[in-house]
Every structure is written in structure tokens, then in C-alpha cells.
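The values are calculated or read from the model by the stated rules, or taken from the named source; none is laboratory data. Just so it is clear, the model here is predicted, and its values are computed rather than measured. Positions of Cβ are generated from backbone atoms using ideal geometry, with glycine treated the same way; all protein chains shown enter the neighbour counts. SASA here: full protein model, heavy atoms, side chains in, ligands and nucleic acids out. Shrake-Rupley method; radii C 1.70, N 1.55, O 1.52, S 1.80 Å.
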Amino acid sequence: MARIVMKFGGTSMAGIERIRSVAARVKREVAAGNQVAVVVSAMAGETDRLVGFCREASALYDPKEYDVVVSAGEQITSGLLAIALQAAGVPARSWLGWQLAIATSDAHASARIENIDMAALEASLAAGEVAVIPGFQGVDAEGRVTTLGRGGSDTSAVAMAAAMKADRCDIYTDVDGVYTTDPRIVPRARKLKKVTYEEMLELASVGAKVLQTRSVGLAMKEGVRVQVLSSFTGEDAPMADTLPGTMIVGEEEIDDMESQLITGIAHDKNEAKITLIAVPDKPGAVAAIFAPLAAANINVDMIIQNIAHAARSTDVTFTVPAADLARSIEVLNQARGEIGFAELVHDTRVAKISVVGVGMRSHAGVASTMFSTLGERGINIQAISTSEIKVSVLIEEDYTELAVRVLHTAYGLDAEDAA
Ligand code: ADP
Ligand code: ASP
Ligand code: MG
């Protein structure tokens with residue numbers, strides 16, 4: 001007997017027919033003798049709809065009430081799946097975040113899971129019941145409902161797998177694994193059998209939304225075995241324990257690591273670029289810019305400071321999440337006296353393209369291939385940032401798809417090139 005967590009995303013739960021098919025898949029795992037906890041997302045599009053209601057009700061909504069509203073999508077699908085399982089003859093019940101309880105911090109809309117009380121759930125599993133748990137939601141110390149940030153059901157699933165000491169956490173979605181890049185953009189993207197935690201963490205954080213970044217960090221910390229696989233396969237599809245999808249693993253499980261230079265390419269259109277023109281070139285100037293942004297909880301990503309002009313002033317360019325652009329401008333204008341810039345310009349028509357791979361540690365030339373490939377296509381690079389296993393560039397948004405495609409070919413990732 002194995003203990004497994006099965007997580008189903010929004011498209012997998014979109015409508016009663018899909019939910020019935022999920023129930024059939026869960027039933028197969030139960031019939032194979034496994035103990036199963038299922039974590040579900042809201043139906044595709046539902047969370048967006050609920051967020052829209054909050055915004056419509058008031059631009060300055062209370063995040064505590066926002067969480068009450070947006071967590072409702074998962075409450076519905078967890079109940080519906082429990083009903084579908086029961087109808088299929090599988091004993092099952094739903095456990096809402098506050099019933100288990102899944103204790104989180106009080107950072108509404110982006111809460112962190114602190115503890116999962118397993119006592120009641122263990123008893124239920126031992127009695128042969130399938131536990132259906134709404135993803136994305138928890139409860140804070142005051143008993144108020146919280147949510148974990150968009151895409152957070154992945155994190156709920158991994159946290160549940162860690163708490164259950166599950167043998168595997170299977171993340172069922174609408175693609176059959178993690179690819180070298182988003183297969184909806186590059187049809188020649190190749191499915192990966194394995195990806196390291198570190199690479200997946202980096203890929204997720206630079207825009208590969210197949211897994212929420214936090215879920216990968218948590219899996220890495222807790223050593224949870226995560227598989228990404230498709231829920232859109234027939235009854236005769238291979239069982240999940242034959243590992244048909246992509247496994248997220250430790251580096252020691254990858255044999256030919258040295259030969260694999262680039263693992264994947266991701267893009268992110270959700271950043272905005274800000275340039276402060278003519279900032280005085282003196283100690284403390286940069287701190288005067290970024291301290292107020294940090295105080296406002298705004299995450300700055302790429303930063304470029306140009307060399308000083310003769311007039312002893314410099315331009316500073318950086319990116320922030322597009323959703324925080326208006327607030328960033330407000331914060332910077334308030335601090336204008338302190339910072340002393342002449343002008344602020346901004347641009348939301350930018351995209352960040354990133355190449356990721358652990359092979360980069362031992363091979364030079366990854367960045368220069370990126371720059372020359374983009375240069376040959378006339379794509380201008382507006383900013384650059386790097387880490388040990390990643391190079392990112394900021395380009396004009398209209399070139400996103402082209403850039404991802406030409407880089408995919410340049411690094412030999414196209415399916416035809418597969419060994
Ligand atoms: P779910 O609703 O199941 O959580 P998501 O939409 O959050 O599904 O994530 C799955 C999507 O992630 C895919 O449909 C695909 O378009 C996208 N995606 C982006 N990058 C990748 C990648 N490298 N490999 C696979 N899918 C990716
Ligand atoms: N339903 C939530 C969202 O759309 C959480 C999730 O699906 O992971 O962000
Ligand atoms: Mg998702």
C-alpha cells in the first residue's frame with residue numbers, strides 16, 4: 001500500500017463530466033490498494049470570476065473578505081468531488097481548510113502554511129475514506145479564512161503530502177509533464193522525464209506556471225516526491241506509479257547532468273519597467289530608491305544602474321510586478337525629494353525571457369549564445385540578470401514568442417534534436 005496525494009487543477013475540475021472522470025481516476029488508485037488524499041482547485045476561470053467580484057465591489061477591498069470570497073471556488077469543487085466519489089461507490093468526504101485545520105500565517109491573499117493538524121484526517125484515511133481537500137485555502141490564528149496566492153493549490157498538495165508522509169504527490173494538469181518550455185507556445189517543446197528541484201524552482205519563479213513556485217520550494221525542503229502528469233488520458237492510461245509524467249527530483253537522481261546544458265526556457269509578461277532619470281550619483285542614492293519600495297512590500301526584480309554622466313548623475317532602471325506598477329510610481333513620487341530624480345518613465349510592454357539549467361555551472365557561453373541569438377533576430381535587450389543556473393533578459397513584449405522559439409532551437413532543445 002502506498003500513500004498518495006492526487007492534486008487536480010482547474011481545467012481538470014471544470015464541470016461535472018470532468019469531475020466524474022477525476023473520481024474514476026481516484027477510484028483506480030484506491031482499487032490498487034492506496035490510501036489517497038485529493039487536493040482540488042476551483043473550476044477553471046472561477047477564481048478569476050470571484051476576484052472580479054471583489055474588485056467590482058470596491059477597488060480597496062479588505063483582503064480578509066477577499067479570501068472569504070475567492071476560497072469559495074475550491075469549497076464547491078471539493079464537495080462535488082466527494083459526491084462524485086460516493087456515487088462511484090468510493091467512501092469519501094471533504095475537509096475544508098478550517099476543519100482539518102490547515103493553519104497559516106495571517107498574510108491574507110498570500111498566506112503561508114504553518115501546520116496541518118493530521119489527527120482527524122489520519123483516522124478517516126485509516127477507516128478507508130478518501131479525503132477531499134480544497135486547495136488554496138487555510139485558516140489563521142484568529143480563525144479567519146486565508147488563501148495562499150494564485151496557483152496555491154499546488155502548495156496545498158505538497159504540504160499535505162509532507163504532513164501525510166506520502167510516497168508521492170501527483171499533480172494532475174492539462175499537459176502530460178514539464179516541458180523544455182511552454183508547449184502551448186513552442187509545439188516542438190520536449191517533455192522532460194526528470195527535472196531537479198532547483199531547476200524547477202528557478203523555472204517556476206521566472207514564469208513557468210505549471211507549478212506554483214512555493215510548492216517547489218516546499219517540496220525541496222521536505223523531500224516530497226512530486227510528479228506532474230495529465231488528467232486528460234483515458235481509462236487505459238498507465239497508472240501513476242509507473243511514472244508516466246515528469247518527476248521533480250534531487251540532483252543525485254539525474255545521471256547525465258553534465259551533458260544537459262539548458263533544461264528549460266520560460267517567459268513572464270507580468271513585469272513592468274521603471275527608469276528614474278538623472279538620479280544624483282552619490283552614496284545612499286540607490287538605497288533611497290529601493291528602501292521605500294521594500295517598505296511598501298514591492299518586489300524589485302532586475303536592476304541596472306548606468307555609469308555616471310559628467311553631471312554626476314545616473315539613470316536607474318528596474319522591474320516590478322506589473323500589478324504593483326501604480327503603487328510603485330506613487331511610492332517613488334512621494335520619495336522624490338529624497339531620491340532627487342529628474343523624471344520617471346515606465347513601460348509595461350516588456351517581457352522577461354529566462355534560460356535555466358544546472359549545466360550552466362560548468363559551461364561558459366550560455367549568456368553569449370542568448371545575446372547573439374536574440375541580436376540576430378533584431379531583438380533588443382533592455383536589461384539582464386543572472387544567477388548560478390539562470391540568465392534572464394528583458395525584451396519588448398511583442399517579441400516574446402519569437403524569442404522563446406529561437407532560443408529553444410539555439411540551445412538544441414527542439415524535439416527533433418532529441419537524442
Ligand atoms: P492547473 O490548472 O492544472 O494548475 P496551470 O494552468 O496552472 O494548470 O498549469 C499548466 C499550464 O502550464 C500548461 O497548460 C502550460 O500551458 C503551462 N506551462 C508553462 N510552462 C510550462 C512548461 N515548461 N511545461 C509544461 N507546461 C507549462
Ligand atoms: N484556484 C486558485 C487559482 O486559480 C488556486 C489554484 O488553482 O491553484 O489561483
Ligand atoms: Mg496551476
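Residues of segment 1-17 that are touching a residue at least 40 places away in the same chain (Cβ under 8 Å) and within 16 Å of ligand 1 (Cβ to nearest atom): V5, M6, K7, F8, G9, T11, S12, M13. You will find that of D174, D170, the residue that is surrounded by 24 or more Cβ atoms within 10 Å (Cβ to Cβ), within 16 Å of ligand 2 (Cβ to nearest atom) and under 30 Å from V90 (Cα atoms) is D170 and no other.
Could you please give the count of residues in segment 214-232 that are away from ligand 1 (no atom under 12 Å from the Cβ), open to solvent by less than 60 Å² (accessible area, probe 1.4 Å) and over 15 Å from T196 (Cβ atoms)?
Of all residues in segment 214-232, those away from ligand 1 (no atom under 12 Å from the Cβ) come to 214, 216-227.
Filter once more, keeping what is open to solvent by less than 60 Å² (accessible area, probe 1.4 Å): 216-219, 223-224, 226-227.
Pick out the ones that are also over 15 Å from T196 (Cβ atoms) and you get 218.
Count: 1.
Consider segment 132-169 and keep the residues that are part of a loop (DSSP other than H, G, I, E, B) and among the hydrophobic types (A, V, I, L, M, F, W, C). The one that is nearest to ligand 1 (Cβ to nearest atom) is F136.
When restricted to residues that are among the small types (G, A, S) and in contact with a Leu (Cβ under 8 Å, 6 or more places away or on another chain), segment 96-129 contains 3.
Taking A82 as the residue in question, decide whether it is buried (at least 17 other Cβ atoms within 10 Å of the Cβ), part of a helix (DSSP H, G or I) and more than 14 Å from ligand 2 (Cβ to nearest atom). Walk me through it before giving the result.
On the way: buried (at least 17 other Cβ atoms within 10 Å of the Cβ): yes; part of a helix (DSSP H, G or I): yes; more than 14 Å from ligand 2 (Cβ to nearest atom): yes.
Yes.
Here L211 qualifies as touching a helix residue (DSSP H, G or I) at 6+ places or on another chain (Cβ under 7 Å) and part of a loop (DSSP other than H, G, I, E, B).
Each row is one residue, and each column tells you yes or no for (1) of a type outside the set (S, T, N, Q); (2) crowded, with 19+ Cβ neighbours inside 10 Å.
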{"residue": "T263", "(1), (2)": "no, yes"}
{"residue": "D268", "(1), (2)": "yes, yes"}
{"residue": "A285", "(1), (2)": "yes, yes"}
{"residue": "I289", "(1), (2)": "yes, yes"}
{"residue": "N297", "(1), (2)": "no, no"}
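Specify the residue that is surrounded by the fewest Cβ atoms within 10 Å (Cβ to Cβ); the eligible residues are those in segment 178-208 that are part of a loop (DSSP other than H, G, I, E, B) and within 14 Å of ligand 3 (Cβ to nearest atom). Let's see the steps before the verdict.
Our first condition is that a residue be part of a loop (DSSP other than H, G, I, E, B); within segment 178-208, this holds for 178, 180-190, 192-193, 206-208.
Okay, now just the ones that are also within 14 Å of ligand 3 (Cβ to nearest atom), so 178, 182, 184, 207-208.
Numbers: V178: 32, D182: 19, R184: 10, G207: 20, A208: 25.
Once the filter is applied, the top-ranked residue is R184.
Just one of the listed residues (V145, V178) is farther than 21 Å from D117 by Cα, β-branched (V, I, T) and touching a Gly at 6+ places or on another chain (Cβ under 9 Å), and it is V178.
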